[in-house]
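Taking it in order: structure first as structure tokens, then the write-up.
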Amino acid sequence: MTGGSRGIGRAIALELGRAGATVVVGYRSGAEEAEAVAQETGGRALQADVADPEQARRLVEEAGALDILVNNAGLTRDGLIARMPDDDWQIVLSTNLSGAFYTCRAAARGMMRRRAGSIVNVTSIVALRGNPGQANYVASKAGLVGLTKSLARELGSRGVRANAVAPGYVGTPMIEGAIEEGLLSGDDLFGRTPLARLAAPAEVAAAVVYLASGAASFVTGQTLVVDGGYLAYGAPGRASAVPAQSFL
């Protein structure tokens, strides 16, 4: 999996390990954290910047024969579109969307030969509703939804499945800190979420493990939303003084 050194990625790696997978933790930075996750899962860590197609290819090659590929690597460079620099647009698309394309392309070849495999792309609910101040991030995450559907149609006849998970607000230190600092309104957020709380990283990880596993053997081309009902509630997408940054 990519982006497995911290946060949701770390939780996914740990849940995959508990489910019996041999986990390869891909990371761009944070070597110590990635090595710690690899040690916990009994797997190994490999450094690569998936925005570079050659590094993405090498990561997949060094990981070995893959049964599961999880694309979780991502970053943000938030700002209103009228003032967004070209570089901020490009780096987000290159990492979040092109990086997933590069790893999927490299992994698909072996999966098709073996006529088995599961790809899970981690997107976001903003891909389904938009978000002010995040045109680059939203475009990259919406692109992952489309990529996932295309992969499902293209690879299905070879026994390879492709799905996506779209988390909402997750209880990471960043989110909790934003609520404490007043950058996010906890009352407002919980009032618009029917389950009235943040997701635990492990709950997002459980959705990824389900889609990766044989329990979802007839599920492909789907985007599983894990947001406590936030989207179903129809929360308005009005702009605020502070962009949502990477909260979603």
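The values are calculated or read from the model by the stated rules, or taken from the named source; none is laboratory data. Computed from a prediction, not measured in an experiment: that's the story for all the values here. As a convention, Cβ positions derive from the backbone with ideal geometry for all residues, glycine included, and neighbour counts pool all protein chains shown.
Restricting attention to the range 206-222, which residues are in a loop (DSSP other than H, G, I, E, B) and of a type in the set (A, V, I, L, M, F, W, C)?
Answer for the range 206-222, where residues must be in a loop (DSSP other than H, G, I, E, B) and of a type in the set (A, V, I, L, M, F, W, C): Phe218, Val219.
Mind listing whichever residues of the range 1-22 are touching a residue at least 12 places away in the same chain (Cβ under 8 Å) and small (Gly, Ala, Ser)?
Correct list: Gly3, Gly4, Ser5, Gly7, Gly9, Ala11, Ala13, Gly17, Ala19, Ala21.
Consider only pairs whose beta carbons are under 9 Å apart and that are at least six residues apart or on different chains; among these, list those whose first residue lies in the range 142-158 and is touching a residue at least 12 places away in the same chain (Cβ under 8 Å) and whose second residue is basic (Lys, Arg) and not in a helix (DSSP H, G or I).
Note: pairs meeting the criteria are Leu151/Arg161; Ala152/Arg161; Leu155/Arg161; Arg158/Arg115.
So which pairs qualify, if the first residue must be in the range 120-141 and without any contact (Cβ under 8 Å) to a residue 12 or more places away in the chain and among the acidic types (Asp, Glu), the second must be buried (at least 24 other Cβ atoms within 10 Å of the Cβ) and assigned to a strand (DSSP E or B), the Cβ gap must be under 9 Å, and the two must be at least 6 apart or on different chains?
none
Across the range 118-134, which residue is nearest to Glu154 (Cα to Cα) among those that are aliphatic (A, V, I, L, M) and surrounded by 19 or more Cβ atoms within 10 Å (Cβ to Cβ)?
Ile119
Search the range 23-42 for residues that are surrounded by 15 or more Cβ atoms within 10 Å (Cβ to Cβ) and among the acidic types (Asp, Glu) and pair each with any residue that is modelled with pLDDT of 95 or more and in a strand (DSSP E or B) when their beta-carbon atoms are under 7 Å apart and the residues are at least 6 apart or on different chains.
Within 7 Å, the pairs are Glu35/Ala45.
Just to be sure before I move on: is Ala73 in contact (Cβ under 8 Å) with a residue 24 or more places away in the chain, more than 18 Å from the chain's Cα centre (by Cα) and not in a helix (DSSP H, G or I) in the structure I sent? If you could, list the steps in order and put the result at the bottom.
Numbers: in contact (Cβ under 8 Å) with a residue 24 or more places away in the chain: yes; more than 18 Å from the chain's Cα centre (by Cα): no; not in a helix (DSSP H, G or I): yes.
When the stated conditions are applied, Ala73 does not pass them.
Restricting attention to the range 193-248, which residues are among the charged types (D, E, K, R) and either modelled with pLDDT of 95 or more or crowded, with 18+ Cβ neighbours inside 10 Å (or both)?
Glu203, Asp227
What pairs come out if I take residues in the range 181-202 that are free of Cβ contacts under 8 Å to residues at least 40 places away in the same chain and more than 23 Å from Ile12 (Cβ to Cβ) and pair them with residues that are crowded, with 18+ Cβ neighbours inside 10 Å and not hydroxyl-bearing (Ser, Thr, Tyr) whose C-beta lies under 7 Å away, six or more apart or interchain?
Here the result reads Gly186/Ile179; Pro194/Gly228, each pair linking the range 181-202 to a residue that is crowded, with 18+ Cβ neighbours inside 10 Å and not hydroxyl-bearing (Ser, Thr, Tyr).
Please determine whether any residue of the range 97-106 is among the charged types (D, E, K, R) and either out of contact with any strand residue (DSSP E or B) (no Cβ under 8 Å at 6 or more places or on another chain) or buried (at least 24 other Cβ atoms within 10 Å of the Cβ) (or both).
There is at least one residue in the range 97-106 that is among the charged types (D, E, K, R) and either out of contact with any strand residue (DSSP E or B) (no Cβ under 8 Å at 6 or more places or on another chain) or buried (at least 24 other Cβ atoms within 10 Å of the Cβ) (or both).
Which one is nearest to Ile125 (Cα to Cα), of the residues in the range 184-205 that are charged (D, E, K, R) and part of a helix (DSSP H, G or I)?
Out of the qualifying residues, it is Glu203.
State whether the residues of the range 62-70 include one that is within 21 Å of Arg105 (Cβ to Cβ), among the aliphatic types (A, V, I, L, M), part of a loop (DSSP other than H, G, I, E, B) and out of contact with any strand residue (DSSP E or B) (no Cβ under 8 Å at 6 or more places or on another chain).
Within the range 62-70, one or more residues are within 21 Å of Arg105 (Cβ to Cβ), among the aliphatic types (A, V, I, L, M), part of a loop (DSSP other than H, G, I, E, B) and out of contact with any strand residue (DSSP E or B) (no Cβ under 8 Å at 6 or more places or on another chain).
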